[in-house]
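Below: the structure, in structure tokens.
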Amino acid sequence: MSVELVYETHSITEDNEAGVATGWLRGRLSEEGRRLAVELGRRRPAGGFAAVYTSDLARAVETAELAYGGTDVPRHADARLRECDYGRLNGGPVADLERVRLDHVDVPFPGGGQSYRDVVDATADVLRDLRRDHEGERVLLIAHSANRWALQHLLDGVPLEQLVTAPFAWQPGWDWTLA
């Protein structure tokens with residue numbers, strides 16, 4: 001048996017539109033983000049999922065609420081699915097973050113932040129729980145770009161260094177099978 005894993009990033013935020021790296025700050029979905037969150041619920045109907053897991057950060061929770069709030073699918077917020085904590089760069093310009101991402105694959109961001117490897121470790125913990133709790137089921141994760149990179153690293157073997165330096169390429173979800 002296996003777990004069918006569907007991954008979606010949280011919907012567009014006001015910070016995304018303004019070029020701000022939100023990190024562990026709250027963030028709010030923009031008007032366009034709210035529209036796209038509702039569209040997510042249409043594109044990936046709740047009936048196809050045993051559960052929806054989100055980051056506990058407000059933008060991911062809000063995405064799930066708008067997409068699945070009127071359904072019976074169980075929703076779980078999990079701090080292990082948080083975006084990377086950029087330390088002092090939380091709330092700073094994305095351009096500043098992009099210049100130093102590669103420096104923080106294994107070294108935490110200054111000011112109490114994390115490394116991208118820390119996000120990989122937390123995401124791996126979530127995958128272990130999903131394998132244990134959802135064998136033979138399909139689940140949806142809604143989180144952040146760092147978690148997507150963690151999944152691509154863990155499940156596809158893509159080097160983390162390559163992922164953190166690649167240009168952002170949004171798509172309507174990613175699918176994996178957890179054996």
Anything in region 11-26 that is of a type in the set (G, A, S) and either outside any loop (DSSP other than H, G, I, E, B) or touching a His at 6+ places or on another chain (Cβ under 8 Å) (or both)? List them, or say none.
A18, A21
All positions within region 50-82 that are under 17 Å from the mean Cα position of the chain (by Cα) and part of a loop (DSSP other than H, G, I, E, B):
D56, L57, R82
Members of region 89-108 that are under 10 Å from G19 (Cα atoms) and hydrophobic (A, V, I, L, M, F, W, C):
V94, A95
Exactly one of G33, G41 is within 22 Å of Q171 (Cβ to Cβ), in contact with a Phe, Trp or Tyr (Cβ under 8 Å, 6 or more places away or on another chain) and without any contact (Cβ under 8 Å) to a residue 60 or more places away in the chain, and that residue is G41
If we only count helices (runs of 4 or more DSSP H) wholly inside region 89-179, which ones have 3 or more residues that are over 30 Å from S2 (Cα atoms) and at pLDDT 95 or above?
94-100
Answer from D78, D72, D96 - the residue that is closer than 28 Å to G41 by Cα and touching a residue at least 40 places away in the same chain (Cβ under 8 Å)
D78
Quick one: how many residues across region 127-145 are over 17 Å from G173 (Cβ atoms) and either touching a helix residue (DSSP H, G or I) at 6+ places or on another chain (Cβ under 6 Å) or among the basic types (K, R) (or both)?
3
Just the residues that are open to solvent by less than 60 Å² (accessible area, probe 1.4 Å) and over 15 Å from the mean Cα position of the chain (by Cα), please, taken from region 111-129.
G111, G113, Q114, S115, D129
Being open to solvent by 60 Å² or more (accessible area, probe 1.4 Å) and closer than 23 Å to L141 by Cα narrows R59, R99, R75 down to just R75
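The values are calculated or read from the model by the stated rules, or taken from the named source; none is laboratory data. In this text, all values refer to a predicted model and were calculated from it rather than measured experimentally. Don't worry about glycine lacking a Cβ; one is built from the backbone with ideal geometry, like all the others, and counts go over all protein chains shown. These accessible areas exclude ligands, DNA and RNA; they are computed on the full protein's heavy atoms, side chains included. Shrake-Rupley method; radii C 1.70, N 1.55, O 1.52, S 1.80 Å.
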